Amino acid sequence: MRELRTGQVISGAVVEVEPRDGVLVDVGMKSEGLIRPSELSRDPIANIEEVLKEGDVIQVYVMGEGRDGQVLLSKKRADFEKAWDRVQECEKSGEIVTAKVTERVKGGLVVDLGIRGFVPASHVGNGHLKNIDKFVNTEIPLKVLEVDRQHRKVVLSHRLATEEEREKQKTDTMGSLEIGQVRTGIVRRLTDYGAFVDLGGIDGLLHVSEIGWTRVKHPADVLRNGQEFTVM
């Protein structure tokens, strides 16, 4: 343990998998450490051999020495630290991450990034949604706003992430549009004079006179919001 520090995250190769005792890992420096079953994952593992096998190279967290002098390791704690590194990198780079919404709490949503993240209600959807419960158990794109590793705090925005994605999509769509193209669109809004159709980040106007070969009195007689169809 002179050359291994408690709290260090290092790479090691799986030497042996024992379903009852855990996983033996070669961490170099003529040392082998043990990952007990409870330190493998945040989630229960029914069969360790289905997750890890001999020869796998994994990241482990050095917990210290056991009573018998053996090095004790943790995979779940290494995964936890890696998740923090990843979130901090995304905060600096502005990269969009995807995470699953696990619950609705007062003031917003909780998401799972490998660590707990919080999305304020003002940053869900367009920021003015009355019902955000519908996002629970779904995966959503997020932009990292704030990371406080010391106090285990991560704040994210779904609104800014979707705005950035839509702007990128809009640029891509505008660069590929040509007269005479037949494209798939989604009805976003109906008016007396036509329908606004989302072509991918940008809305096009489908005039009421172009909806059908026969006269259409009102777009709502033929179309509905959210409907997908082809337009020229």
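The values are calculated or read from the model by the stated rules, or taken from the named source; none is laboratory data. Remember, predicted model here, so these are calculated numbers, not experimental data. Here Cβ is always computed from backbone atoms with ideal geometry, including for glycine, and neighbour counts include all displayed protein chains. Remember, those area values only see protein heavy atoms, side chains included, never the ligands or the DNA or RNA. Shrake-Rupley method; radii C 1.70, N 1.55, O 1.52, S 1.80 Å.
The table for this structure:
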| item | result |
| --- | --- |
| Cross-link partners of Lys168 among lysines (Cα-Cα below 18 Å; sequence separation of 8 or more within a chain) | Lys143 |
| Choice from Ala13, Ala46, Ala99 with maximal GNM fluctuation in the chain (Cα, 10 Å cutoff) | Ala46 |
| Share of carbon and sulfur in the accessible heavy-atom surface of region 1-99 [1.4 Å probe, %] | 42 percent |
| Heavy-atom accessible surface of region 113-213: percent carbon and sulfur, 1.4 Å | 51 percent |
| For His123, solvent-accessible area (1.4 Å; no DNA, RNA or ligand), Å² | 30 Å² |
| Cα-Cα pairs of the chain separated by more than 30 Å (percent) | 51 percent |
| For region 1-65, with +1 on Lys and Arg beta carbons and -1 on Asp and Glu, the positive-most of Leu40, Tyr61, Pro19 along the dipole | Tyr61 |
| Charge dipole magnitude, Cβ of K and R +1, D and E -1 - the chain, Cα centre, debye nearest 20 | 900 debye |
| Check: region 88-198 dipole with +1 on Lys, Arg Cβ and -1 on Asp, Glu Cβ, in debye | 420 debye |
| Kirkwood-based Rg to Rh ratio, region 14-56, C-alpha trace | 0.96 |
| Distance from region 54-132 to region 146-179 (C-alpha centre basis), Å | 19 Å |
| Violating pairs (Cα-Cα greater than 26 angstrom) within the set Lys76/Lys153; Lys100/Lys130; Lys75/Lys134; Lys82/Lys130; Lys106/Lys170 | Lys75/Lys134; Lys82/Lys130; Lys106/Lys170 |
| Per residue accessible area of the chain, 1.4 Å probe, in Å² | 63 Å² |
| Probe 1.4 Å - accessible area at Tyr61, Å² to nearest ten | 50 Å² |
